[in-house]
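The values are calculated or read from the model by the stated rules, or taken from the named source; none is laboratory data. Quick caveat, the model's predicted, so the values are computed rather than measured. Every residue, glycine as well, gets a Cβ built from its backbone with ideal geometry; the counts of neighbours run over all protein chains shown.
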Amino acid sequence: MLNTSPNKKIISLKRQPLVLIIFSSISFLLILFRLIFLQLLNYESFKEMSDENRIRLIASQPIRGRILDKNGYVLADSRVRYSLITKPQSVNKSNWEKHKSSVSDLLNVDSNIIQKKYSDGLKNQKLSVTILDDLNVDQLIQFKENEDNLSSFQIATKLIRNYPYKSVASHVIGYTQPITNSEFKFLSKKGYKLNDLIGRTGIEYVYEDFIRGEWGGEMVEVNSLGQFQRSLGIKPSVQGDDIKLTIDLNLQLVAEEALKDKKAGAIIVMDPRDGAIRAMVSRPNFDLNFFSKDFKPEKEYNSLFNSPEKPLFNRALNAYDPGSVWKIVTALAGLESGKFPIDTMLDTKPCITYGSQCFREHNDLGFGVIGYEDALRVSSNTFFYQVGYGVGVDEIHKVARKLGFNSLSGIEISEQENIGLVASSEWAREGRGWGDPGRTPWVPEDIASMSIGQFVVQVTPIQIARAYALIANGGYLVTPHLVNQDGEYLSEKKRIKIDIDPQNIELIRNGLRKVVESGTGVSINYGVSNLPPVSGKTGTAEDGEGGLDHAWFVCFTPSEKSELLVVAFAQNTPGGGSVHALPMAREILKAWNSKK
């Protein structure tokens, strides 16, 4: 039997207080460190958590700034939308049937629909359910007059984006949509809230930071049961800044009407002196108010996003075959190269063969021996075939780049813009964008097509506007713009003097004046009185994608010291620029002249 020594027991008993002291000290230090962590190091974090448990924010929406035309007419603003709602979980069930029947009769709403929404709300434990969205004035008044006897229902308000002119300038103004969950992850740092609105396209998108405003709200204190105790203060929401456009609503409406009977196309009205856009229309267009609806019918949604007509597509900034409106580029290439000087006279013929193809004159006869001015006046194909073939593709490409082609125009809504295509020998060697390098060489047929703006040339209406503005203003390449910025667009940065001989520009301007006086554009003066002298160019272009011909007309007025330039484009509208595009430009000139 093992005996325990009395001495060992005494030693063990003496050690117990020491162990207890060490354990107590360590525990105390741990508690002390924890208190220091909570009270000093992490004070702000826990204070914030505490405040969140007793303080609530009743948020108030920011009011987006308005979008105005140059004269102050409102193109986009915000309005209050009134909706009839019920709160299923707090409804007095003994009154429900009576109130439901009254609302059904008063606002002409099917009682079965009301009941279904109410029942679904109860089943899904929703705090509120919308019974009727976007009440009109009569419905709102009728409810308010009977509100005391309809306690099961309430009116809810919400700010929505409103576009008074619906589809007018829709591609310019753009639209807003709620932010997505994925966007919220990084936009929350900039003050956005879930389902907050953000500009998606156009001016709404480009000037989002100026327009959106700031959220406000009321801070209230609640008790542990969530019951209101007192208000801690109100911070009003901040309205966003207004944006004033260069658009002239009067000209915009005329342009919209002029393009109305065309299946597709675009019109641009611009001040050639500084690039200020006075009107921009693309057809088909769309009702901007569609995007302000909480519920978007599938049929309407598909007609916008899945339609083969592509109504969201801005044709004013998309590229097409330019046809004869391109001939000023070929003319300047001939003049600037020195190979075809100002006094050049060429024999035009029924057709000229390049490669394996005979390229015809549009009248199948030719126009005899003519110079540049008459070649523009009658829009001779065979004259410009000879000039284009004589100078070569790269000389035409060089001049085209000077005129602003094959690059973005600088307009603010560049997210909608296509740079187009102007062929070059390098482009052909590198595969033309679809083939292998070295296997798609330049051929004689290419230069003939290029000379009159076909197939290997794709340009946008806004690029055409810039090029013709350079002719109208005496050699300055302007930057098209929709918002003025303190005279910036008259600066050398935005209005660039191009290295082209002024005599050559003057020759082109004289030719464009003859087009309207006695050439293919003479009908611009029909039915218009007291119109200042107009210069212009018609164009009919084959569609490189195999569709029907495009119709073009470009003009500026007065011919000297021009103040207004119009580009009219009718997509896949056969019959000629003088038949389909010119009359659209004429309506705009009439409206501008009568107002002036």
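Name the single residue that is nearest to Cys358 (Cα to Cα) among those in the range 445-472 being among the hydroxyl-bearing types (Ser, Thr, Tyr) and buried (at least 24 other Cβ atoms within 10 Å of the Cβ).
Among residues in the range 445-472 that are among the hydroxyl-bearing types (Ser, Thr, Tyr) and buried (at least 24 other Cβ atoms within 10 Å of the Cβ), the one nearest to Cys358 (Cα to Cα) is Ser451.
Go through the range 83-111 residue by residue and tally those that are over 12 Å from Gln142 (Cβ atoms) and either not assigned by TED's automatic domain parsing to the domain that holds Ile141 or not small (Gly, Ala, Ser) (or both).
15
Here are Ser102, Ser128: which of them is touching a residue at least 24 places away in the same chain (Cβ under 8 Å) and closer than 23 Å to Ile160 by Cβ?
On inspection, the qualifying residue turns out to be Ser128.
Tell me which residues, restricted to the range 422-453, are closer than 21 Å to Leu317 by Cβ and of a type outside the set (Val, Ile, Thr).
Those that are closer than 21 Å to Leu317 by Cβ and of a type outside the set (Val, Ile, Thr): Ala423, Gly433, Gly453.
Filter the range 185-209 down to the residues that are part of a helix (DSSP H, G or I) and crowded, with 16+ Cβ neighbours inside 10 Å, then identify the one that is farthest from the chain's Cα centre (by Cα).
Top of the filtered list is Leu187.
Here are Ser78, Ser5, Ser50: which of them is at pLDDT 65 or above and small (Gly, Ala, Ser)?
None of the other options fit; the residue is Ser78.
Take the range 83-99 and flag every residue that is under 19 Å from Leu127 (Cβ atoms) and either among the charged types (D, E, K, R) or in contact (Cβ under 8 Å) with a residue 60 or more places away in the chain (or both).
Scanning the range 83-99 gives Ser83, Leu84, Ile85, Thr86, Lys87, Val91, Asn92, Lys93.
Among the listed residues Thr538, Thr557, which satisfies the condition of being within 23 Å of Asp248 (Cα to Cα), modelled with pLDDT of 95 or more and crowded, with 24+ Cβ neighbours inside 10 Å?
Answer to the selection: Thr557.
If you scan the range 378-408, which residues turn out to be surrounded by fewer than 24 Cβ atoms within 10 Å (Cβ to Cβ), not hydrophobic (A, V, I, L, M, F, W, C) and not in a helix (DSSP H, G or I)?
Gly392, Asn406, Ser407
Applying the selection to the range 425-457, what residues are modelled with pLDDT of 90 or more, more than 21 Å from Ser324 (Cβ to Cβ) and touching a strand residue (DSSP E or B) at 6+ places or on another chain (Cβ under 9 Å)?
Trp427
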